[in-house]
Amino acid sequence: MTELDAPQEPPQEQASLSLWQQIQEDWQAHERDWTRPGFRAVAVHRFGNWRMTVQPKLLRAPLSLLYGMLYRKIRNGYGIELPYTTQLGRRVVIEHQGAIVIHGYAVIGDDCIIRQGVTIGNRSLEQPLEAPKLGKGVNVGAGAKLLGKLEVGNGAAIGANAVVLNDVPPHHVAVGIPAKVLAPKASI
Ligand SMILES: CC(C)(COP(=O)(O)OP(=O)(O)OC[C@H]1O[C@@H](n2cnc3c(N)ncnc32)[C@H](O)[C@@H]1OP(=O)(O)O)[C@@H](O)C(=O)NCCC(=O)NCCS
């Protein structure tokens, strides 16, 4: 089974929004610019999930064909791999484009920011299905790699070019290779 084929239930909260409402929200999150590759990638992801709700399967078939074409266009044209099986929260922003690879079993919470050169994927071919889980409002710096079964807490930040191999607590910052969690700044 490829990432494209794996079944997935949409997150509960998101399921209550229509496809149009989800895409409208994503468009607002991407500064109301429908030409941004990140917005287009997220919109195709939403469409890919929505089409799985269409019954009967025969009616879904042409939509799946269209989804497959759009998915490949986004991947090949913008360098953004975002399979519909990834659990993507609301208002996730993909800033810029190029070399963005997101695992089909990754979980990305509401209001996260993903930048160019980011990989959110498995750590080794021996555990191909193990993928990171990001909480809400995680800010991922350009070029960061998050690898394997790990959790990043709500509101955490990942430094540019960090290689994250372990959990990052909520509202903490992780930087470096391998990434280390910085001590919280003392409040004044
Ligand atoms: C990680 C980041 C969020 C930290 O911001 P911050 O909380 O304000 O932290 P500071 O700038 O005070 O840095 C804290 C320490 O981490 C180090 N650091 C910061 N970013 C780092 C990075 N990406 N890699 C390695 N070390 C880093 C700093 O040198 C500093 O070290 P020191 O305490 O030894 O001097 C920020 O530096 C970052 O990398 N943002 C990504 C932004 C991005 O991708 N921009 C691209 C836009 S297109």
Checklist outcome for this item: Looking across segment 162-178 at residues that are in contact (Cβ under 8 Å) with a residue 24 or more places away in the chain and either closer than 16 Å to Arg123 by Cα or of a type in the set (A, V, I, L, M, F, W, C) (or both), the single one that is surrounded by the most Cβ atoms within 10 Å (Cβ to Cβ) is Val164
Checklist entry - in contact (Cβ under 8 Å) with a residue 12 or more places away in the chain and basic (Lys, Arg): does that describe Arg46? => result yes
Item to check | Tyr84 being in contact with a strand residue (DSSP E or B) (Cβ under 9 Å, 6 or more places away or on another chain), part of a loop (DSSP other than H, G, I, E, B), hydroxyl-bearing (Ser, Thr, Tyr) and crowded, with 18+ Cβ neighbours inside 10 Å | outcome: no
Item to check | Residue identified as on the phi < 0 side of the Ramachandran plot and of a type in the set (A, V, I, L, M, F, W, C) among Ala99, Ala106 | outcome: Ala106
Item to check | segment 56-81 residues that are within 17 Å of His96 (Cα to Cα), paired with ones that are among the acidic types (Asp, Glu) and not in a helix (DSSP H, G or I) (beta carbon under 6 Å, 6 or more apart) | outcome: Arg75/Glu81
Next on the checklist: Restricting to segment 97-133, count the residues that are of a type in the set (Gly, Ala, Ser) and within 16 Å of the ligand (Cβ to nearest atom).
Outcome noted: 3
Item to check | Boolean, Gln28 is more than 21 Å from Tyr105 (Cα to Cα), at pLDDT 95 or above and either part of a loop (DSSP other than H, G, I, E, B) or hydroxyl-bearing (Ser, Thr, Tyr) (or both) | outcome: no
Item to check | All positions within segment 127-136 that are part of a loop (DSSP other than H, G, I, E, B) and hydrophobic (A, V, I, L, M, F, W, C) | outcome: Leu129, Ala131
Checklist entry - Which one is nearest to the ligand (Cβ to nearest atom), of the residues in segment 137-188 that are polar (S, T, N, Q) and in a loop (DSSP other than H, G, I, E, B)? => result Asn161
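The values are calculated or read from the model by the stated rules, or taken from the named source; none is laboratory data. Values in this document were obtained by computation on a predicted structure and should not be read as measured data. With ideal geometry, Cβ positions are generated from the backbone for all residues, glycine too; neighbour counts draw on all protein chains shown.
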